[in-house]
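Visitor: Encoded as structure tokens, here's the structure I'll be asking about.
The values are calculated or read from the model by the stated rules, or taken from the named source; none is laboratory data. None of these values were measured; they are calculated from a predicted model. Every residue, glycine among them, receives a Cβ derived from its backbone with ideal geometry; neighbour counts consider all protein chains shown.
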Amino acid sequence: MTDTTATEPVRPGGLWLAFSRNRLSWVGLLLLTAIVLVAIFAPWLAPYDPLEQNIVARLEPPSAEFLLGTDSYGRDVLSRLIYGARISLFVGFVAILIAMIVGTAIGVISGYIGGVFDQIVMGVLDVMLSFPTLLLGLMIAAMLGASLENLIIAIAITEIAPFARVARAPTITLKQRDFVEASRAYGCGPLRIMFRHILPNMLSDVVVMSSLWMASAIRTEASLSFIGLGVPPPTATWGGMIREGFENILDAWWLAVFPSFAILLTVLALNLLGDALRDASDPRSR
Amino acid sequence: MIIYTLRRLLLALPTLLVMLTAIFVLVRLVPGDAASVILGDQASTEALAALREKLGLNKPLYVQYLAFLGDVFSGNLGTAMSTGRSVIHEVLTVLPSTIELTLAAIVIGLIFGLPLGVAAALTRNGWLDYVSRIVSLVGLSFPAFVSGILMLIVFAIQLGWFPVLGGAASGTDFSDRMRQLALPALNLGIIMMAYVMRVTRAAMLGVLTEDYIRTGRAKGLGPRQLVVTHALRNSLIPIITVVGLYFGTLIGNSVLTEIIFNRPGLGKLIVGALNARDYTLLQGLMIIFAFCVIVVNTLTDLAYGLVDPRVKYE
């Protein structure tokens with residue numbers, strides 16, 4: 001190879017090999033698989049209806065009947081925790097998907113066009129990147145109002161900038177490569193070059209990073225729900241459960257503690273996975 | 001150096017302008033308009049029209065935009081609707097406790113994060129490296145309010161070592177103040193430490209393989225001199241970048257921490273503004289945050305020049 005750059009696509013086999021040799025990556029993968037399965041099979045796994053109130057059994061501590069106790073409406077914490085996984089994963093996944101599509105498109109187009117346009121776009125993205133994710137999400141969610149759709153939009157916007165960054169850098173090197181020149185000479189339009197020739201060469205970079213940013217998206221979702229800007233009650237969300245638990249923190253510790261660990265484990269699983277994927281796709285750190 | 005500084009300061013201006021425009025647009029995205037939000041659903045059409053007139057919402061958009069910019073650049077961020085005091089006044093009242101909290105967190109993060117990161121890099125793949133990597137990954141995975149709640153439950157409620165309800169406003173003596181600051185600052189500091197440690201480790205690992213380190217060793221430099229003056233100094237650029245970038249996260253985390261530990265500060269101010277649907281206060285806070293972030297970014301860039309002489313000549 002005469003023209004080796006950092007953007008050289010990693011062969012899938014090599015990536016898998018490096019990934020599978022990392023023990024922590026397996027921990028992350030197993031954890032995440034377990035959480036996804038719990039979310040998918042929630043109706044079969046949850047012992048109770050997550051919305052069913054039971055005034056007689058208010059604020060019950062963990063017991064054989066209610067494994068993780070009940071909340072101030074007598075709802076089963078374990079069942080709410082299981083259903084809450086659905087919201088966290090769904091919001092995180094959809095938000096990252098939107099951010100990935102929009103961000104990558106912005107990065108590729110900006111890098112391909114270059115010049116003043118590119119400088120302005122990057123200037124704006126730099127500010128978005130350094131603006132506190134939580135505050136940006138908070139402002140957007142506050143302006144739009146609390147709902148599932150608005151929550152996803154708010155989180156997606158906060159994650160656009162990193163994707164654009166990752167997509168832009170390889171575009172700038174790739175657009176000068178011979179195969180792009182060749183397809184241009186062949187009569188391909190700019191859109192076709194950008195999305196058929198340049199994009200596939202960086203897709204692995206983008207996908208690798210999305211795992212790390214999904215961790216950040218889920219953290220933002222939980223934080224916004226905790227502040228009260230998430231999916232409105234009575235829907236079970238982990239952040240919302242902690243919010244309710246926080247109100248009863250002096251006499252019912254289990255309300256806040258269990259959803260806290262659920263969030264922690266999910267974010268940790270994604271971080272472990274993302275770290276391992278990034279290390280595996282970056283030949284220098286092998 | 002002077003030219004570099006001036007150029008960086010000039011670059012910050014367009015960025016600020018873009019941010020202000022974004023905030024202007026965002027506030028205009030509120031469903032309905034500001035007047036109907038302020039007065040609520042029951043407002044009469046006359047009252048709405050009068051308020052629109054007062055707020056200048058009837059004027060063309062570009063006039064509103066120019067008026068907005070004019071206000072911001074003359075330091076007028078408007079009046080908080082919920083309290084009737086100026087936004088600047090509201091912010092200045094609570095700012096000292098937020099600054100106190102974030103400074104304490106930065107100190108904790110750097111004091112523990114830097115040495116641990118260096119130690120992890122020096123013992124690469126040893127047990128210390130392994131443990132510190134896992135600890136830092138766990139630290140990074142904690143949303144600030146989750147770690148805050150867990151600390152509150154364990155140290156304040158179960159063990160009773162610290163007061164459950166914080167608040168620097170009580171005007172008590174120094175040791176009480178420290179006790180109130182301890183848990184929130186530790187909460188923010190530990191997350192920051194995880195971050196600093198990770199970056200320090202990565203940066204040190206990059207530098208330690210450089211030729212000049214080998215040369216230094218061959219010359220007979222002691223390990224301390226080698227690590228501190230040669231390796232660490234050259235690792236500082238990525239560390240400074242990340243710490244600068246982390247400032248935004250730190251502010252976000254301090255918002256959550258202030259809510260959990262019931263401390264006065266920007267965080268409680270934001271949540272209060274949210275609950276009262278006080279959009280002028282929110283807008284003002286956004287502008288102030290944007291301004292702070294841009295200032296910190298600029299300072300971060302300027303810090304490069306101090307650490308790395310090569311930057312000046314670019």
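Visitor: Find all pairs meeting these conditions: Cβ atoms under 9 angstrom apart; at least six residues apart or on different chains; first residue within region A:19-40 and under 9 Å from residue A:269 (Cα atoms); second residue part of a helix (DSSP H, G or I) and charged (D, E, K, R).
Guide: A:25/A:275; A:25/A:279; A:28/A:275
Visitor: Taking region B:96-138, which residues are in a helix (DSSP H, G or I) and either surrounded by fewer than 15 Cβ atoms within 10 Å (Cβ to Cβ) or free of Cβ contacts under 8 Å to residues at least 12 places away in the same chain (or both)?
Guide: Correct list: B:96, B:99, B:103, B:107, B:111, B:115, B:127, B:128, B:130, B:131, B:134.
Visitor: Based on this model, can you work out whether residue B:269 counts as over 30 Å from residue B:150 (Cα atoms), away from chain A (no Cβ under 11 Å) and out of contact with any Gly (no Cβ under 7 Å at 6 or more places or on another chain)?
Guide: no
Visitor: Condition (residue is within 13 Å of chain A (Cβ to nearest Cβ) and touching an Asp or Glu at 6+ places or on another chain (Cβ under 6 Å)) applied to region B:259-266: is it met by at least one residue?
Guide: Looking for residues that are within 13 Å of chain A (Cβ to nearest Cβ) and touching an Asp or Glu at 6+ places or on another chain (Cβ under 6 Å), one finds none in region B:259-266, hence no.
Visitor: While we're on this one: Going through region A:243-263 one residue at a time, which ones are at the interface with chain B (Cβ under 8 Å from one of its Cβ atoms) and either over 13 Å from residue A:70 (Cα atoms) or of a type in the set (Gly, Ala, Ser) (or both)?
Guide: A:245, A:246, A:249, A:250, A:256, A:260, A:263
Visitor: Shifting gears a bit: Taking the condition away from chain B (no Cβ under 14 Å), polar (S, T, N, Q) and under 30 Å from residue B:21 (Cα atoms), does residue A:110 pass?
Guide: Criteria met by residue A:110.
Visitor: From the residues in region A:244-286 that are among the hydroxyl-bearing types (Ser, Thr, Tyr) and at pLDDT below 85, which one is surrounded by the most Cβ atoms within 10 Å (Cβ to Cβ)? Before the answer, list the steps.
Guide: First, the residues of region A:244-286 that are among the hydroxyl-bearing types (Ser, Thr, Tyr): A:260, A:266, A:281, A:285.
With the extra rule that they be at pLDDT below 85, the set shrinks to A:281, A:285.
Details: A:281: 20, A:285: 12.
Here the answer is A:281.
Visitor: Kindly check whether there is at least one residue in region A:45-59 that is under 30 Å from residue A:173 (Cα atoms), surrounded by 15 or more Cβ atoms within 10 Å (Cβ to Cβ) and in contact with a Ser or Thr (Cβ under 9 Å, 6 or more places away or on another chain). Steps first, answer last, please.
Guide: Step one: of region A:45-59, the residues under 30 Å from residue A:173 (Cα atoms) are none.
No, region A:45-59 contains no residue that is under 30 Å from residue A:173 (Cα atoms), surrounded by 15 or more Cβ atoms within 10 Å (Cβ to Cβ) and in contact with a Ser or Thr (Cβ under 9 Å, 6 or more places away or on another chain).
Visitor: Step by step: first the residues of region A:123-135, then only those that are more than 7 Å from chain B (Cβ to nearest Cβ) and touching a Gly at 6+ places or on another chain (Cβ under 9 Å), then the one that is nearest to residue B:14 (Cα to Cα). Which residue is that?
Guide: Looking at the filtered set, the residue picked out is A:125.
Visitor: Further, regarding this structure: If a residue must be outside any loop (DSSP other than H, G, I, E, B) and under 29 Å from residue A:154 (Cα atoms), how many such residues does region A:39-97 contain? Outline the logic, then answer.
Guide: Initial filter on region A:39-97 (outside any loop (DSSP other than H, G, I, E, B)): A:39-40, A:42-45, A:55-57, A:70, A:76-97.
Narrowing the set further to residues that are under 29 Å from residue A:154 (Cα atoms) leaves A:39-40, A:42-43, A:77-97.
Here the count works out to 25.
Visitor: Next question. Can you pull out every residue in region B:29-71 that is charged (D, E, K, R), at pLDDT below 75 and under 33 Å from the mean Cα position of the chain (by Cα)?
Guide: B:33
Visitor: Another question, then. For residue A:196, only one of the following conditions fails: (1) within 30 Å of residue B:254 (Cα to Cα); (2) at pLDDT below 80. What is its number?
Guide: For residue A:196, the exception is condition (1).
Visitor: Out of (1) modelled with pLDDT of 75 or more; (2) away from chain A (no Cβ under 13 Å), the odd one out for residue B:223 is which?
Guide: (1)
Visitor: Take residue A:89 and decide whether it is within 14 Å of chain B (Cβ to nearest Cβ), hydrophobic (A, V, I, L, M, F, W, C) and either under 18 Å from residue A:216 (Cα atoms) or surrounded by fewer than 17 Cβ atoms within 10 Å (Cβ to Cβ) (or both).
Guide: Criteria not met by residue A:89.
Visitor: A further question follows. Is it true that some residue in region B:112-121 is farther than 21 Å from residue B:238 by Cβ and either at pLDDT 80 or above or hydrophobic (A, V, I, L, M, F, W, C) (or both)? Quick ask: steps written out before the conclusion?
Guide: Just the residues of region B:112-121 that are farther than 21 Å from residue B:238 by Cβ, to begin with: none.
No, there is no match, as no residue in region B:112-121 is farther than 21 Å from residue B:238 by Cβ and either at pLDDT 80 or above or hydrophobic (A, V, I, L, M, F, W, C) (or both).
Visitor: Name the helices (runs of 4 or more DSSP H) wholly inside region B:189-278 in which the number of residues that are surrounded by 20 or more Cβ atoms within 10 Å (Cβ to Cβ) is 3 or more.
Guide: By residue number, B:233-260, B:266-275.
Visitor: Can you name the residue in region B:295-312 that is under 12 Å from residue B:16 (Cβ atoms) and modelled with pLDDT under 80 and is also nearest to the other protein chains (Cβ to nearest Cβ) among such residues?
Guide: Looking at the filtered set, the residue picked out is B:297.
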